Amino acid sequence: MLISVALGQVLSLLICGISLTSKYLSEDFHANTPVFQSFLNYILLFLVYTTTLAVRQGEENLLAILRRRWWKYMILGLIDLEANYLVVKAYQYTTLTSIQLLDCFVIPVVILLSWFFLLIRYKAVHFIGIVVCILGMGCMAGADVLVGRQQGAGENKLVGDLLVLGGATLYGISNVWEEYIIRTLSRVEFLGMIGLFGAFFSGIQLAIMEHKELLKVPWDWQIGLLYVGFSACMFGLYSFMPVVIKKTSATSVNLSLLTADLYSLFCGLFLFHYKFSGLYLLSFFTILIGLVLYSSTSTYIAQDPRVYKQFRNPSGPVVDLPTTAQVEPSVTYTSLGQETEEEPHVRVA
């Protein structure tokens with residue numbers, strides 16, 4: 001349980017680094033280039049993971065994967081890119097508090113998709129933990145109002161709020177799809193395909209929408225260092241998140257990421273002279289309590305054993321085995337807690 005919580009906080013710290021470098025780029029150097037920043041991350045993923053797939057042999061080779069399921073990864077790459085873009089774009093229209101609260105919409109999206117598509121089942125303690133985490137976010141939003149942290153209020157608040165909801169929905173789809181792939185295929189395949197199609201689509205979007213903004217950037221060593229820092233944190237987040245999702249779940253990861261705004265705030269107290277409120281500490285510990293409650297009990301999967309095999313699209317011939325009697329459908333309960341080799345699988349016919 002403690003390991004699960006700690007792994008989630010590592011992801012939150014990486015997001016904190018992403019937020020700080022983005023803030024410096026946009027406010028101090030007026031470099032509003034969200035697509036270019038995503039493009040740098042996808043290029044790194046391409047260089048590391050896509051090239052790894054390219055040199056593999058057999059069914060795990062890049063060309064073999066593309067032949068079988070290229071269109072699925074194309075859709076996933078587009079979803080992942082637009083999720084990042086919509087949330088960053090929302091800062092131009094709505095308030096920081098609205099973004100923090102509405103971004104929590106990703107949690108019910110992940111829960112519903114996990115329930116219907118991954119067949120994950122939750123217990124009462126999981127829902128209690130989720131509610132406690134969301135209450136902690138509400139406490140942080142209230143503290144923002146009290147100390148006057150309303151940065152980001154822009155032209156049209158409704159447009160900004162809709163952008164956040166759209167981005168949160170796409171994030172939820174991407175995270176659940178990611179969990180599905182890394183549990184049935186491999187982490188390297190997921191990251192390699194995201195790097196390939198993410199770089200392709202972000203390159204097109206960069207050329208169409210952001211090339212003028214890129215020319216306005218006053219390039220110097222400080223800006224270059226900020227872009228390097230942002231790319232390093234984003235690459236670390238993408239590389240490490242599949243590891244954490246496989247050990248926990250997409251729902252647990254998104255609950256853990258609620259503390260990322262608080263880490264950014266604590267850094268901002270020293271770097272940007274934010275005003276402090278005791279409610280921030282209360283919010284932080286409330287979210288941690290919710291995470292501990294959620295992680296204290298394992299979720300489980302109720303599924304037909306053939307469900308996860310459908311994504312593999314085996315190239316070999318299908319052999320029909322003779323059956324002597326009609327087999328009743330079964331339900332498999334599999335723990336999603338810390339993975340151990342000794343953990344037995346209980347089958348209930």
Using a 1.4 Å probe on the protein chains only, how many percent of the accessible area of the range 1-159 belongs to carbon and sulfur?
72 percent
What is the range 1-130 by shape, rounded, prolate or oblate, if you read a ≥ b ≥ c off the alpha carbon gyration tensor as root eigenvalues and call it rounded for a/c under 1.5, prolate for a/b larger than b/c, and oblate otherwise?
oblate
Taking the alpha-carbon distance from LYS72 and a cut-off under 18 Å, which lysines remain once sequence neighbours fewer than 8 residues away in the same chain are dropped?
LYS309
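Roughly what % of Cα-Cα distances in the range 169-303 sit above 23 Å, to the whole percent? Don't jump to the answer; show the numbers that get you there.
Details: 4877 of 9045 pairs.
That fraction is 54 percent.
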On average, how much accessible surface per residue is there in the range 227-275, in Å², for a 1.4 Å probe, leaving out ligands, DNA and RNA?
34 Å²
Assign unit charges at the C-beta atoms only (+1 for Lys and Arg, -1 for Asp and Glu), then state the dipole size of the range 54-111 relative to its Cα centre in Debye, rounded to the nearest 20.
260 debye
Could you calculate the FRET efficiency of GLU60 with PHE266 from 1/(1 + (r/R0)^6), where r is the beta carbon distance between them and R0 is 45 Å, rounded to 0.05?
0.60
Given a Förster distance of 25 angstrom, what is the FRET efficiency for LEU215 paired with VAL159, based on the Cβ-Cβ distance and rounded to 0.05?
0.45
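What is the packing order of peptides 19-30, 180-191, 99-110, taking the mean over residues of other C-beta atoms within 10 Å and listing the highest first? Don't skip to the answer; put the middle values down first.
On the way: 19-30: 17.2, 180-191: 19.4, 99-110: 20.9.
Descending mean neighbour count gives 99-110, 180-191, 19-30.
The values are calculated or read from the model by the stated rules, or taken from the named source; none is laboratory data. Please read all numbers here as calculations on a predicted model, not as lab measurements. Please note: Cβ atoms are built from the backbone with ideal geometry, for glycine as well, and neighbour counts cover all protein chains shown. In case anyone asks, the SASA skips ligands and DNA or RNA and just uses the protein heavy atoms, side chains included. Shrake-Rupley method; radii C 1.70, N 1.55, O 1.52, S 1.80 Å.
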